[in-house]
Each structure stands twice: as C-alpha cells, then as structure tokens.
Amino acid sequence: MKPAPFLYYRARSIEEALDLLTGTAANGKLLAGGQSLVPLLNLRLARPEALIDLNGIPGLSYIRSEANEIAIGALTRQREMEFSELLAKELPLLAEAIPQIGHPAIRNRGTLGGSLAHADPAAELPCALTALDARLVAVGPGGERAIRAEDFFTGFYATALADNEILKEVRIPLEKRAAGWSFVEFARRHGDFALAEVSVLLFADGGGRCASARVVAGGSVERPIRLTTVETLIQDEISPGAQASTLADPTGELLRIAPVAAARAEVAWLQGEFSEVPEVTEAALDLAVQMQSKRVLGELRTWRRRAGLQEAVEPFVAEPYAVELAGEWERASALWAELGCPYESALALADAHSEGPLRRAHEQLLDLGARPAAAIVARRLRERGARVARGPRPATRRNPANLTTRELEVLRLVAGGLRNAEIAQRLFLSPRTVDHHVSAILRKLDAGTRGEAVAAAQRMGLIQDR
Ligand SMILES: Cc1cc2nc3c(=O)[nH]c(=O)nc-3n(C[C@H](O)[C@H](O)[C@H](O)COP(=O)(O)OP(=O)(O)OC[C@H]3O[C@@H](n4cnc5c(N)ncnc54)[C@H](O)[C@@H]3O)c2cc1C
C-alpha cells in the first residue's frame, strides 16, 4: 500500500520544527528514522497532513559523557549506539539491549528518540532506559523540560510528550554504578519484537553485597513497569526459590505454584537438603490433590520419594511417575526416554538399588552436563563399594576435547555462523552464559578464534564439515 498524500517539510533547526508543529503543520508528524512511522503511513494506520523531517537538523546526533551523565541526542541512530565504546563501557545494560532491536537495517535508520516517542511496549530501549532511570529532555514552545523515563511512558504507545513537543536528548545518570546487569528478552524469532523482556541492574554496597536492584519488565505489559516486589526480594537477599514462591503463591493457581515447588524440591535434592523437600512441596501438593492433577501429583510425589519420604501415592498419578513411584526404575526410565526426556530418564535410574542402573544413570547425567545430579549418583555408587572416577569425566574417543553437551550445542551454532546474541536467543540462555561457553570451547579446543575452533572440531569429528 501507499501512504495517503501529505505535505513534507524538512526542518533545519529545532526552532523551525517547533514553529511548523505549532503553526503550518499543526496536524503533522515528526519523522526521524521512519522505521515505525513509514510502515504506519503505508498501511494508512497514520494519515498526518504533513511530515516534519528532523533529519536535516544539525547537532541532534551525539553520544557524550557530561558531568556524571551520558547524554545522547534524540536523532542518534541505534546502530551508532550499538557500536559506541562509551556506551559499552559506561552503560553495558544498554549495550546488551540494543543489538536485540530488529535487524541491522532497522538499527541503521531507527533513532533513539523515535523509539522512545513511538513507545512500543515491546521495544528494548524504553525498558532499558527505565531501568537506567534516564531523563528524557523534551523541548516545546515553553522551553525545555526533563521527564523521568518512569513517568514518560504512560500506556500502550502513549507518552507524556505533548503534541507540540519534540524529544531532544536523553540523559542517563552515572552516579550509581551497577555491579551487575542483564537484559534478557524472549521473542519468537531473532529480530522480532519481544514477547517479554526484562532489564536488571544490581547495585552493591561496600562489602560487595547487593544493596539495591532495579528490575523493569516490558513486552507483555502496556508500558515498561518496575517490578518493585522483585526488587525488594533481591535486596533482602531472599533465595531465588523463596522469591519465586512469594510471587507464585498469592495467585492460588496450580499452574504457577507447582513449577516453583518442583524446582525448589529439585534444588533442595541437588544440594542434599532432603529435609526441605516436604516443606517446599506441601502447599502445591495439597492443591494438586484437591484438583486431582495427575501430572503435578506425580512430579511432586516423585521428588518427595527421592528425598526419602515413604508415603501413600494416589491411584490416579500420571505415568511415567506412577511407574517410577512403584519402584520400576528401568521401565520408568524407558518411558521417559520414549517421551524424549533424557534427564528424567536418567533420574529414574538414580534410585535403583543395583550398580548397573546406577552406572547408566551416572553416565547419562554426565553426558547431559548435569553434574550435581551425577555427583549424587556417584556418591551412591561409592557407598555400594563401586569405583567412580572423581573430577570431570575424562576425554573419550567420541569426545576427545571433553566438551559438555551444552558446549557441543553452542559449538554447532557457532559453526552455523550465529553470533553469541543469536545463540543466546536460540538456546534461551543469557548472552553472558553463551560468552562463557564459547570461551570454554576455545580453551578446550586450543583455538584462538571461532573459525579455528570450528575447524578443530571438524577435524576431531565432533561436528560435520559443511
Ligand atoms: C521490521 C521491523 C522490526 C522492528 N523490530 C524492532 C524491535 O525488535 N525492537 C524495537 O524496539 N524496535 C523495532 N522496530 C522499530 C524501530 O526500532 C524504530 O526505529 C523505532 O521504533 C522508531 O524509531 P524511528 O527513528 O524510526 O522513528 P520514526 O518511525 O521516524 O517515528 C516514530 C514515532 O516517533 C515520533 N518521533 C520520532 N522522533 C521524535 C522526536 N525526536 N521527538 C518526538 N517524536 C518523535 C514520530 O512522530 C513517530 O510518531 C522495528 C521496525 C521494523 C520496521
């Protein structure tokens, strides 16, 4: 489709743009990178009488450090921000978020100001800048005003900007340096808008403990919102499991409560804290009994049995849990394998009473990189007098570089030409975790570059030559 007719003005200064906006082109729209506005025009979802192009205004594109702040001009392209060494050094959260905006072609044209003024709830910049407590400087007929990012986004594609105001600059304070940060998003495909995204900043006290946090969610909400409950939980150093329960339990929904209970039971089991398992599963179990949820009952009863509890099991528990709870380890393991669940298949053997199945469980868990679970099984084998090598599994002929299953998975994607950010998206990992995996791969393969690592892996037959 083509846009409806419009007049076109190319402003040479902010003053001229403001004059046009308040006078001749009062029903006009500002044009920056055009990456959101032009599609709207083409689809005739926007039909402004005029466009006021900001691209001819000098001095609106910059990234600079000023008196404990970073100032970024509204017309600065997202691609320039992506490659800014200053931003990478001073505001790594922003540097982590920007490559996740669309694709390079979009970031080449798309601007900081355009993304903020457009206020898509799934956009990365509004979420990251709200976490960073940025001030957005708007200029209008009455002069300039600074709006905190938290107050700027007022709803779905809605901002605190007046019709006759232009976003001129964004200022991000540097007084409080974050000791830790992360920007993670979930999108259906790389480059899509996020279905859910979250920015996290952690601030440490003098002793290196977390003193405060800023956590902002976007995507599934109508504007970036601070998750203040989560911030408090982090600040109070409540364990992640207890934090998850604090958020899930008040919902009263089994769908939310059960996965948290199961995860907490697993963590307690892996840490050898068996006595915690009954407590963390109690509430979810009661709810599952009430609702006769076969699968949840199976999962929770199985964790309780693994923790040593001998209790009656409801007759309607789902398979393969029911089989496992009946002590048929081998059959349960085979059923899990058929369902494509190798971890559960290995765990089903972990309670077996004889050495053979325990050894298989141990090997399978090591193959999966599930070291804590493997260590538990190794202990059980030793208690039975069996010999089990300590430390990481020695290299095998099949895997001479001793890469873990996850490292092999990452290596295959590296060989496919994917960048770390893309690998992170594909495997639902954080970019930093992928960085660690790639470093480990290079070290284990004694390679200086990704290309050398791929070549070495191909020579060893770890991955196919393409
Ligand atoms: C295929 C595709 C995929 C995309 N994927 C993503 C993504 O994953 N994440 C993401 O965040 N974005 C994504 N975008 C949008 C992209 O980031 C845009 O660049 C951004 O939303 C708008 O910036 P712009 O400079 O192009 O603004 P424009 O499209 O020119 O303008 C957008 C709006 O902002 C107003 N405006 C622009 N500048 C100013 C200013 N200085 N003051 C006041 N109002 C102003 C305009 O009037 C208009 O209403 C995608 C776009 C496309 C086409």
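Only the coordinates and a few stated rules stand behind these numbers; no lab work does. Not measured: the values here are computed from a predicted model. Positions of Cβ are generated from backbone atoms using ideal geometry, with glycine treated the same way; all protein chains shown enter the neighbour counts.
With a cut-off of at most 15 other beta carbons within 10 Å, and DSSP calling the residue loop, which trypsin sites (Lys or Arg not before Pro) in segment 8-76 qualify? Please list them. Please report the intermediate quantities before stating the final value.
Working: sites: 10, 12, 29, 44, 64; in loops: 12, 44.
The qualifying sites are 12, 44.
Once you charge only the Cβ atoms, +1 for Lys and Arg and -1 for Asp and Glu, what is the size of the charge dipole of the chain about its Cα centre, to the nearest 20 debye? Numbers along the way, then the final one.
Details: 56 positive and 59 negative charges, 337 e Å.
In debye, rounded to 20, the chain gives about 1620.
Placing +1 at every Lys and Arg Cβ and -1 at every Asp and Glu Cβ, with all other atoms neutral, what dipole size does segment 405-459 have around its Cα centre, in debye to the nearest 20?
Numbers: 9 positive and 6 negative charges, 9 e Å.
It comes to approximately 40 debye.
Could you tell me whether the chain comes out rounded, prolate or oblate from its Cα gyration tensor? Rule is a ≥ b ≥ c as square roots of the eigenvalues, rounded for a/c under 1.5, then prolate if a/b exceeds b/c, otherwise oblate.
Numbers: a/c = 2.48, a/b = 1.92, b/c = 1.29.
Prolate.
Would you kindly state how much longer the chain becomes between residue 205 and residue 67 on full extension, computed as 0.36 nm times their sequence separation minus their alpha carbon distance, in nm to one decimal? Mind dumping the intermediate values first?
Numbers: separation 138, 0.36 × 138 = 49.68 nm, distance 2.30 nm.
That works out to 47.4 nm of additional length.
Could you grab the relative contact order for the chain? Cα pairs under 8 Å, six or more apart, rounded to a whole percent. Numbers along the way, then the final one.
Details: 776 pairs, mean separation 37.0, N = 466.
Taking the mean separation of contacting Cα pairs over the length of the chain, I get 8 percent.
Under a plain spin-label model, where a point goes 7 Å from the Cα along Cα-to-Cβ, how far apart in nm are residue 390 and residue 452?
3.4
Determine the calculated [θ] at 222 nm for the chain from helices alone, applying -39500 (n - 2.57) to every DSSP H run no shorter than 4 residues and normalising by the residue count; nearest 500 deg cm²/dmol.
On the way: 23 runs with 212 residues, N = 466.
Rounded to the nearest 500, the figure is -13000 deg cm²/dmol.
Most exposed first by the Cβ proxy, i.e. fewest other Cβ within 10 Å, how do 53, 120 rank?
Working: 53 16, 120 19.
Sorted ascending by nearby Cβ count, the order is 53, 120.
Where in the chain lies the longest segment free of GluC sites (Glu not before Pro) that are both loop residues by DSSP (not H, G, I, E, B) and have at most 11 other Cβ atoms within 10 Å? Write out the running numbers ahead of the final one.
Working: sites that count: 175, 237, 253, 311.
It runs 1-174.
Subtracting the Cα-Cα distance from 0.36 nm times the residue separation, let me have the gained length for residue 232 to residue 26 in nm, one decimal.
Values: separation 206, 0.36 × 206 = 74.16 nm, distance 4.55 nm.
Extending this stretch completely gives an extra 69.6 nm.
Sequence-distant or interchain residues sharing an amide H contact under 5 Å with residue 180, placed H: which?
Close amide H contacts, sequence-distant or interchain: 202.
Looking at the square roots a ≥ b ≥ c of the eigenvalues of the Cα gyration tensor of segment 319-394, which shape do they give, rounded for a/c under 1.5, prolate if a/b is larger than b/c, or oblate?
Details: a/c = 2.66, a/b = 1.49, b/c = 1.78.
Cα axes put segment 319-394 in the oblate bin.
Which of 449, 433, 111 comes first, and how do the rest follow, when ranked by fewest Cβ neighbours within 10 Å?
Numbers: 449 9, 433 16, 111 30.
Least crowded to most crowded, the residues run 449, 433, 111.
Could you calculate the contour length gain from residue 343 to residue 271, that is, 0.36 nm times the residue separation minus the distance between their Cα atoms, to one decimal place in nm? Before the final figure, lay out each step's value.
Numbers: separation 72, 0.36 × 72 = 25.92 nm, distance 1.71 nm.
Extra length available between residue 343 and residue 271 comes to 24.2 nm.
How many angstrom lie between the Cα centre of segment 424-466 and the Cα centre of segment 339-363?
29
Ranking 9, 321, 343 by Cβ neighbours within 10 Å, fewest first, what do you get? Working shown, then result.
Working: 9 20, 321 26, 343 14.
Fewest-to-most Cβ neighbours within 10 Å comes out as 343, 9, 321.
Given the C-alpha centroids of segment 61-109 and segment 244-262, what is the distance between them in whole angstrom?
38
Take every DSSP beta bridge whose two residues both sit in the chain, then give the antiparallel share in percent to the nearest 5. Each step should come with its number before you reach the end.
Details: 40 of 48 bridges.
Bridges in the chain are about 85 percent antiparallel.
Just to confirm my numbers, what's the Cα centroid distance between segment 116-156 and segment 264-311 in Å?
Going from one Cα centre to the other spans 46 Å.
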